[in-house]
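Bear in mind these aren't lab numbers, they're just calculated from the coordinates by the rules spelled out. The structure displayed is predicted, hence computed values, not measured ones. Positions of Cβ are backbone-derived with ideal geometry, glycine not excepted, and every protein chain shown enters the neighbour counts.
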Amino acid sequence: MPYVVLGVSGSIAAYRAGDLARELMRRGFTVRVCLTDGAQRFVSPALFEGLTGQPCLVDTFEEPERGRMAHIDWARQAAALVVAPATGSTLAKLAHGIADDMLTTIALAYSGPLVVAPAMNPTMYGSEPVRAAVEILRARAAAFVEPDAGEVACGEQGEGKFAGVERIAEAVQAVAIRARLLEGQRVLITSGPTREPIDAARFLSNRSSGKMGAALARAALLLGAEVTVVSGPASAPLPIECTVIRVQTAREMLEASLEALRQSHLVIGAAAVADYRPEAAVDGKIRRVDEPIDLRLVPNPDVIATLAEKAGGSARVVGFAAEPSGDLDVVREKLRRKGLHAVASNDISLPVIGFESNNNALTLVFADGRVEESGVRSKLECALWLLESLSEPV
Ligand SMILES: Cc1cc2nc3c(=O)[nH]c(=O)nc-3n(C[C@H](O)[C@H](O)[C@H](O)COP(=O)(O)O)c2cc1C
């Protein structure tokens with residue numbers, strides 16, 4: 001039975017976490033509970049140990065199995081982490097990676113789907129720090145079970161009442177199902193820019209940050225895939241759970257991708273591959289002269305088109321198009337010419353999305369003519385949307 005870690009923090013609604021644990025067990029999960037110090041002022045570990053038949057953790061240095069770090073074990077084994085009720089303080093800690101108790105330490109060691117059910121006084125819930133924490137966690141694709149509006153424990157009216165146990169259990173079940181969407185699938189992602197050397201010190205490149213490729217890698221992992229990333233020189237950090245092959249030039253990217261293609265079911269070309277390279281890189285450094293100099297460029301191989309051709313139907317190959325015009329006819333022509341399953345197009349002329357931005361908005365054009373829009377979302381949410389759209393049966 002899949003494990004769920006239920007983190008309970010110091011809200012008066014902590015008394016309802018027992019019912020939530022029961023409901024999750026009824027739905028087939030093995031529930032392991034972790035209480036913050038605040039939560040222990042309202043409920044006790046004995047309650048949850050009795051209900052779940054599992055140890056309930058409260059202290060970071062506790063080890064139910066001697067010599068095994070419980071925060072790592074619990075984080076590795078969990079199919080989902082649900083924090084319910086989540087206080088304002090615990091939300092802020094989750095958003096900023098503060099790990100000063102067992103629950104937030106497990107959360108920092110955990111990279112799977114997160115469900116959060118906040119509960120607090122409406123003024124606290126509307127406060128700037130809480131809004132900011134919610135936004136950060138949403139951008140990381142945490143599933144929020146919104147609190148209800150109404151009268152809260154202190155008598156104030158507004159938003160902040162702990163959501164119903166059913167609604168939270170449903171959200172946990174949904175993320176656990178989603179986490180298996182790409183189970184058994186191997187996904188190959190190309191990411192970042194390429195660098196085409198001019199001489200020993202200089203190169204031609206572009207503004208790709210690698211953030212979209214990194215988001216795709218994280219999203220594919222969240223959906224249960226095995227992930228290989230062939231990445232050009234980009235600073236966006238890639239999840240440690242994926243295999244990363246670092247390359248510099250377009251030709252190196254093609255070679256590494258062809259090698260990985262053989263085992264892949266889905267290929268997503270998010271890299272901004274240089275269309276041209278200097279004909280020959282100069283040995284040493286080109287010296288300054290007061291005359292114009294010529295730089296002759298020759299076309300690079302078309303990485304995504306070559307991958308589509310070599311895949312020959314054994315893998316679905318999806319391209320990205322950074323279109324300054326947003327013209328879908330240009331995208332459709334690209335899709336046909338390169339023999340792709342679909343193209344995800346983004347309008348890089350819009351300042352709120354694209355290259356260095358943390359947000360994006362994709363238009364997904366399929367070879368069969370369907371067109372779908374993601375709307376503006378964080379790059380991780382866009383990536384999840386894209387992978388889910390690609391896995392829907394046609
Ligand atoms: C009676 C009582 C009820 C509380 N209820 C809430 C609540 O519903 N939501 C919240 O964010 N904080 C609530 N608090 C404040 C938190 O318990 C406090 O901020 C605590 O430090 C949170 O720590 P934790 O998140 O580690 O449990 C309450 C405090 C008291 C004394």
Be a star and scan the range 325-344 for residues whose amide nitrogen sits under 14 Å from the point 7 Å along the Cα-to-Cβ vector of Asp368.
341-342
Considering the options Leu6, Ala219, Ala46, tell which one lies farthest towards the positive end of the dipole of the chain, charges being +1 on Lys and Arg and -1 on Asp and Glu at the Cβ, about the Cα centre.
Ala219
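I need the GluC sites (Glu not before Pro) found in the range 40-81, filtered to DSSP loop residues with at most 11 other beta carbons within 10 Å of theirs.
On the way: sites: Glu49, Glu62, Glu65; in loops: Glu62, Glu65.
Those satisfying the criteria are Glu65.
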Which of the trypsin sites (Lys or Arg not before Pro) found in the range 231-300 are in a DSSP loop and have at most 14 neighbouring Cβ atoms, other than their own, within 10 Å?
Arg262, Lys285, Arg287, Arg288, Arg296
Working from Cα positions, state the angle (0 to 90°, nearest 10) between the long axis of helix 211-222 and the longest principal axis of the chain.
50
Please state the equivalent ellipsoid semi-axes for the range 3-178: what are the square roots of 5 times the Cα gyration tensor eigenvalues, largest first, in whole Å?
23, 17, 16
Charge dipole magnitude, Cβ of K and R +1, D and E -1 - the range 1-135, Cα centre, debye nearest 20
360
Karplus (6.51, -1.76, 1.60) ³J(HN,Hα), θ = phi - 60°, over the range 143-154, in Hz, Gly and Pro reported as x
8, 9, 9, 4, x, 7, 9, x, 8, 8, 4, 7
So the angle from the long Cα axis of helix 128-139 to the longest Cα principal axis of the chain, reported in degrees to the nearest 10, equals 60
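For Ser325 and Glu388, compute 0.36 nm times the residue count separating them, minus their Cα-Cα distance, and round to one decimal in nm.
Values: separation 63, 0.36 × 63 = 22.68 nm, distance 2.61 nm.
Result for the pair: 20.1 nm of gain on full extension.
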Projecting the Cα atoms of Ala171, Thr194, Gly88 onto the charge dipole of the chain, where Lys and Arg contribute +1 and Asp and Glu -1 at Cβ, the residue farthest towards the positive end is Thr194
Chymotrypsin sites (Phe, Trp or Tyr not before Pro) in the range 1-104 lying in a DSSP loop, each with at most 11 other Cβ atoms within 10 Å of its Cβ, come to Phe61
Which ³J(HN,Hα) values in Hz, rounded to whole numbers, follow from the phi angles of the range 102-114 under the Karplus curve 6.51 cos²θ - 1.76 cosθ + 1.60, where θ = phi - 60° and Gly and Pro get x?
5, 4, 6, 6, 4, 4, 6, 8, 10, 10, x, x, 10
How high is the FRET efficiency from Arg68 to Tyr15, r the C-beta distance, R0 30 Å, rounded to 0.05?
0.45
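Evaluate E = 1/(1 + (r/R0)^6) for Arg332 and Gln263, where r is the Cβ-Cβ distance and R0 equals 30 Å; express this FRET efficiency to the nearest 0.05. Please list the in-between numbers first.
Working: r = 30 Å, r/R0 = 1.00.
Step by step, r from the Cβ atoms, then E = 0.50.
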Quick shape check on the chain: root eigenvalues a ≥ b ≥ c of the Cα gyration tensor, a/c under 1.5 is rounded, otherwise prolate if a/b tops b/c, else oblate, and it reads prolate
Computed label-point distance, nm, for sites Asp283 and Arg246 using a 7 Å Cα→Cβ extension
2.7
Set Lys161/Lys211; Lys93/Lys379; Lys285/Lys334 screened for pairs whose C-alpha atoms are more than 29 Å apart
Lys161/Lys211; Lys285/Lys334
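Charges at C-beta only: +1 for Lys and Arg, -1 for Asp and Glu. How large is the resulting dipole of the chain about its Cα centre, in Debye rounded to 20? Walk me through the intermediate numbers first.
Numbers: 41 positive and 48 negative charges, 135 e Å.
Charge dipole, the chain, about its Cα centre: 640 debye, nearest 20.
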Distance from the range 69-125 to the range 244-276 (C-alpha centre basis), Å:
36
Inter-probe distance in nm under a simple model that places probes 7 Å from Cα toward Cβ, at Gln40 and Arg207
5.2
